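> This is the structure I want to talk about, given as structure tokens.
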């Protein structure tokens with residue numbers, strides 16, 4: 001388990017994280033979401049022990065992670081732009097990781113074949129997508145207990161994304177935990193159990209995706225005449241009015257919200273399905289980042 005408490009980090013005078021708190025349970029696939037510059041990459045570096053926090057604690061399996069070799073051996077961190085030396089090949093990179101992890105050459109070779117990669121070719125000659133495929137193959141072959149991924153799906157074609165997701169699910173089934181920071185919210189919804197929303201230097205919300213989605217309801221309402229949205233008897237976090245049509249996102253039980261709206265005798269009340277991307281957009285817009 002990962003337990004993050006009151007985590008703070010600044011770069012000089014720029015405060016990036018302030019009092020961030022959340023937990024990642026064993027076997028979870030956990031998504032980190034937030035606008036650009038929210039601190040997702042910094043948080044992954046702190047979780048992996050690459051960087052030291054200014055304050056707070058990161059406890060992994062009962063121990064602090066920073067400068068703890070025992071804990072770090074259970075972690076594989078794949079940044080957005082992984083480092084490699086000029087003439088390094090995929091095979092030599094695999095040999096290097098074999099010094100630190102229980103590296104499974106069969107898993108590596110299987111993914112290299114699936115992705116049609118040449119392991120004897122210098123990594124510098126790979127395209128961005130090929131580099132991502134190679135390092136994904138390496139990460140999965142290392143079989144870490146904790147896998148931290150920054151923009152994991154960036155540069156992958158649809159088939160590669162599917163193979164990657166299958167690999168992550170296999171890791172989860174074997175007891176590993178995965179933390180993914182990604183701009184692709186639909187990809188995260190497809191695979192993640194839980195999430196944390198980083199906003200204003202803090203973790204503003206975290207929990208099970210299904211549970212958080214159930215707290216929000218989206219409706220399209222049509223009235224016989226133009227109606228002031230402020231008259232709606234529900235707590236709305238988003239309202240859009242187009243003539244006689246009003247779309248809302250509201251907190252609370254969908255049936256209770258519908259019942260209150262129907263007291264105003266609209267012509268139509270339709271509930272619209274919410275997804276993870278909708279939830280992120282409305283949570284962020286509520287805090288004034290977008291309109």
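> Give 200, 207 a once-over and let me know the one that is in the same structural domain as residue 44 (by TED's automatic domain parsing), on the phi > 0 side of the Ramachandran plot and without any contact (Cβ under 8 Å) to a residue 40 or more places away in the chain.
207
> Let me ask something else. Out of curiosity, is residue 137 within 17 Å of residue 108 (Cα to Cα) and surrounded by 15 or more Cβ atoms within 10 Å (Cβ to Cβ)?
So residue 137 fits the description; yes.
> While we're here: In the list 9, 40, 14, which residue meets the criterion of being out of contact with any helix residue (DSSP H, G or I) (no Cβ under 8 Å at 6 or more places or on another chain) and farther than 23 Å from residue 281 by Cα?
14
> Check residue 281 against each of (1) under 30 Å from residue 3 (Cβ atoms); (2) modelled with pLDDT of 85 or more; (3) not in a strand (DSSP E or B) and name the one condition it does not meet.
Exception for residue 281: condition (2).
> Could you tell me whether the stretch 150-170 includes any residue that is touching a strand residue (DSSP E or B) at 6+ places or on another chain (Cβ under 8 Å) and assigned to a strand (DSSP E or B)?
So far as the stretch 150-170 goes, yes, one or more of its residues are touching a strand residue (DSSP E or B) at 6+ places or on another chain (Cβ under 8 Å) and assigned to a strand (DSSP E or B).
> Is it true that residue 271 is over 28 Å from residue 20 (Cβ atoms), modelled with pLDDT of 85 or more and loosely packed, with under 13 Cβ neighbours inside 10 Å?
On the way: over 28 Å from residue 20 (Cβ atoms): yes; modelled with pLDDT of 85 or more: yes; loosely packed, with under 13 Cβ neighbours inside 10 Å: no.
Judged against the criteria, residue 271 is not a match.
> Are any of the residues in the stretch 197-207 under 15 Å from residue 79 (Cα atoms) and surrounded by fewer than 21 Cβ atoms within 10 Å (Cβ to Cβ)?
Looking for residues that are under 15 Å from residue 79 (Cα atoms) and surrounded by fewer than 21 Cβ atoms within 10 Å (Cβ to Cβ), one finds none in the stretch 197-207, hence no.
The values are calculated or read from the model by the stated rules, or taken from the named source; none is laboratory data. If you're wondering where the values come from, they're calculated on a predicted model, not measured in any experiment. Here the Cβ is made from the backbone with ideal geometry for all residues, glycine too, and neighbour counts use every protein chain on show.
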